[in-house]
1. Which of the lysines could be linked to Lys139 by a straight reach, that is with a Cα gap under 17 Å, when you skip same-chain ones fewer than 8 residues away?
2. So which helices of the chain fit the span-like rule, where a helix is a whole DSSP H run, its Cα atoms reach 15 Å or more along the axis, and its mean Kyte-Doolittle is at least -1.0?
3. Please enumerate, by chain and number, the aspartates and glutamates with C-alpha under 20 Å from the C-alpha of Lys905, excluding those fewer than 8 residues away in the same chain.
4. According to a simple spin-label model (label point 7 Å from Cα along Cα-to-Cβ), what is the distance in nm between Lys905 and Gln869?
5. So between Met486 and Thr806, what do we pick up on full extension, going 0.36 nm a residue minus the alpha carbon distance?
6. Under the 0.36 nm per residue contour assumption, what length would be gained going from the current alpha-carbon distance of Ala765 and Ala125 to full extension?
7. Taking amide hydrogens as modeled 1.01 Å from N in the peptide plane, which residues meet the under 5 Å criterion relative to Tyr365, leaving out close sequence neighbours?
8. What number comes out for the charge environment of Lys599, summing +1 per Lys or Arg and -1 per Asp or Glu over other residues with Cβ under 15 Å away?
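Every read-out reported here was derived from the displayed coordinates using simple, explicitly stated rules and does not represent laboratory data. Just so it is clear, the model here is predicted, and its values are computed rather than measured. Here the Cβ positions follow ideal geometry from the backbone for every residue, glycine too, while neighbour counts run over all protein chains shown.
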Amino acid sequence: MLEILAKLPNRGSLAPHQSLPAFFPHRERAMRYCLPFLLLFGLTTFATAADDAKPAGDDAPKITFEDHVRTIFREHCFTCHNQNDAKGGLNLESYGATMEGGASGEVIIEQDVESSRLFALISGAETPKMPPGSDLIAKEKQDIIQKWIEMGALENSGSKVKKKKNTGLAMSGPVNTGKPEGPAAMPEGLWKQPVMDLDGSGAITAMAHSPWAPLVAIAGQKQIALYNTDTLKLMGVIPYPQGIPYILRFSRNGELLMAGGGRGGYSGSVTLFDVKTGKSIVTVGDEYDVVLAADVTPDHSQIALGGPQRLIRIYSTADGSMLYEIKKHTDWVTSLAYSPDGVLLASGDRANGLFVWEADTAREYLNLQGHKEGINAVSWRSDSNVLASASSDNDVKLWEMVEGKNIKSFGAHGGGSEWVSYTHDGRMVTAGRDKVAKVWSGDGKELKKTPGFADLTLRAVFNHDGTKIVVGDWTGEIRVYNVEDMQELGKLNAVTPTYEELITSLQGEIGTFDKAASEASGAAAAAKQAWESHLGAIEKTKQGSAESKAATDAANAKVAELKKAVADVEGKLNQHQKEVAAKQADAEKWSGEIAKAEKNIGDLNAKLENYNKKIEEKSSVMTALKANQAEHQNQLNDLKSGLEKKQQAQASAAQKVTDLDAKIAEATKQKEEAADDQKESKQKEIDTFTQERTAAQAEVDRLAGEVKQATEAITAKEAELNKDAEMIAAAEAEVKQLEMETAKATQEKSNLENALASAEENKKAAVAHKAEAEKAVADANKARELAAKQLADQQSQIAKYADQMTKLAERLKKLEEGKANLEKDLNEKAAAAKASAEKAAAAKQELESLKAEQAEFAAYPAKIQAEQQTLLTGLKTTEQTLTEAQAQQAEMEKQMEAKLAEIAKLKAALDKVMEEKSAVYAKLSEQKKKVEQGTDEMSTAQAKLEELKRQLELLQNVYQ
């Protein structure tokens, strides 16, 4: 660690307000337990160098704003875009103003030519083309500006390219920025004694989890508690004499813990601690109020802090100097966070202000507007592409870092969101005023939610592998949950127990562990006894199965013998039964033939009877049809005779009409020729003829109707006669067919009667043969029944043995199944007994360790005083030695002066004197070395003495 931190100043180089005694005012008498912790504070130095991200082609000559681009802008752009006349709000005279952009936003996007609007305008790709009213800038100059943007839009030859950022919610996978190569840092040998004796912690003001180790830091009053989130054991306590920590953060590699806080309205600062030793490494800031927000860069070179003063101050950890001061915020600065790649710094305030700054320059990069109330927390996704912000307006918003767009917003907590924190894989955990903590996917979908707390939740963090969350609320309750099923794993305390309380608690646990170990040991012994008894039962059951199997085998042999005898008998029986069946089949066959013949004969008799009946019926029908036919013929003749008479009458009436027409014509002619006095008589004659004609015509019409009716009646009657003829022909055909069928059926009947007589003879013979075969079957059945009885007796024995074997097999199966359970139970109880014994032993060992640690803690002040006395004694000895050496040096210098005087007087004795001079110089050189060595030793001793004086002063402050 010292190699990593070698470049930071020692505590002697810090300002007076940063020295350790200033941390412990006399009026803070409650810190009687803190001295051993304070002695761990050493403002040792550190510095780490993070490699800069270098794009492809970094070895190519740099194109910069100052060396190349500004000249082009001066020639073509400064007329309209200068400090005094910045058209469109765009000033291109300086790099900062150029990168800030104009009224429409940024015009240069590093490494993204297509998104850089300035290049689109000067290249003519977009309108209005620039510069206005003239030709486009020469292509070679456009190429210079294009190359400048592609290479990162550097300011000067000393600038370094920043990583290009991507937008969107998508994340390719977990980013392990800062992950150490070896084991992650965990506390080693930290004291566990609390700084103050308190009854309760109050609200949880700060909490942080190591990114790579199962270690959570929890803020308390004037201390920071460190817990192992795998075991939920207290790992140590780091004193924080500055007051109350309001912000805790682990460094990206997990080796440092940053704490910011102080005393409200009085003081505030930020301190870096070594996680392993708990020692203070550097403290920055001398605020007049508490620090509410702070973060350290991934390379540990800078610390940003903020609070009620509405300022962001950025300090160098190398010398504690302030590098930048940002005055943009209009209300308390409540949140600060550096991006994991160290390129950007996000800040939020109580009046919904949310900004992103360039980490290296403190220039404003983005102003993120959208929240309606104060910002309570910010957190970066591990790839540095997305920033999450939690606000009192209920929402958590996600912002992309290219254009600062809000890519997702979701109402996380009713009443207000108090906290948001990312884990490595892009999930988030939030806390809020609805008294729960929630886990979210990277795209803002709620995945899990804790049960409710008694009061609003203030802080929630993932553990190092994202499987657990730690949540703290306003009442000081801290719970640890398994993320998968949201089962509570245990609770942690911001108010840590004293050594006495730890020992008392552990002694109680040891009693419980010993009792559990004793009970587990007794259970294991009982399980072993049950196991051995079970094995005996299995052996006894196997023996019974073997005996039953032997008896079964003997019975099976006898059964085989009897089965052979039965088979022989059954062979003969089957032969006789086949004969009986064959004869029975013959008898049944002939019976069937007889029945069939009798049935067929009956059917033929019925058929013949039916045929005769039908012939009689058809004959009667023909007689009736012929009678009808004769009657219909007579009727037709009458109709024809009547028709002839009507036709004659019709012709006579028609002739009369014709005659009257002639008379009317003649009378009309005569009328025309007659004298006037005769015309009237002629007209009367004409009228008479006309009346007669009308009557004659009516008679004609009447007779015509009668003729028509008679004609239709004749036609109908002729149709009836035709039908009568057809029916008579059909009946004659049917009678003829029936007569043929009758003759055929009579012949079939004769044939069937002959076949019936033959079948009856055959059946009689088959019945006689069947009787003989049935007698042979009866004899075979008697022999079979005897053998079957003997076989049944043996099979009954076999069934009995089989039942015994089945029961024994089932019992053996159950015993074997129980064997596995008993073995498992035995192993589990043995393992439980071993685990209980080991737990008890571990607890006893931990108790001894705690007692030794308590004793060492109690003896530590005396040890410090003894070391101080030893150093004081050594210092006095060193001072005495130094005084003597200085006296010898003065004496030698006097001797040297005397010899030099002698040399001036005694030129003749030069050689001898020169020899003496050389000897004196040699002695003098040796004395000078002793003096210098003594001076170094004295300086070291003086430093140790100063340290011991400081520690003694602290001890006095604690025990006053």
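1. Lys129, Lys147
2. Details: long enough: 139-150 (16 Å, -1.38); 499-673 (174 Å, -0.82); 676-905 (222 Å, -0.82); 910-959 (70 Å, -0.88).
Sorted by number, the helices that extend far enough and score high enough are 499-673, 676-905, 910-959.
3. Reachable aspartates and glutamates: Glu893, Glu897, Glu915, Glu916.
4. Reported label-point gap for Gln869 and Lys905 is 5.6 nm.
5. 110.1 nm
6. Details: separation 640, 0.36 × 640 = 230.40 nm, distance 12.20 nm.
Once the chain is fully extended between Ala765 and Ala125, it gains 218.2 nm.
7. Result for Tyr365 returns Val356, Trp357, Glu358.
8. On the way: positive: Lys596, Lys607, Lys749; negative: Glu593, Glu598, Asp603, Glu748, Glu753, Glu760.
In short, -3.
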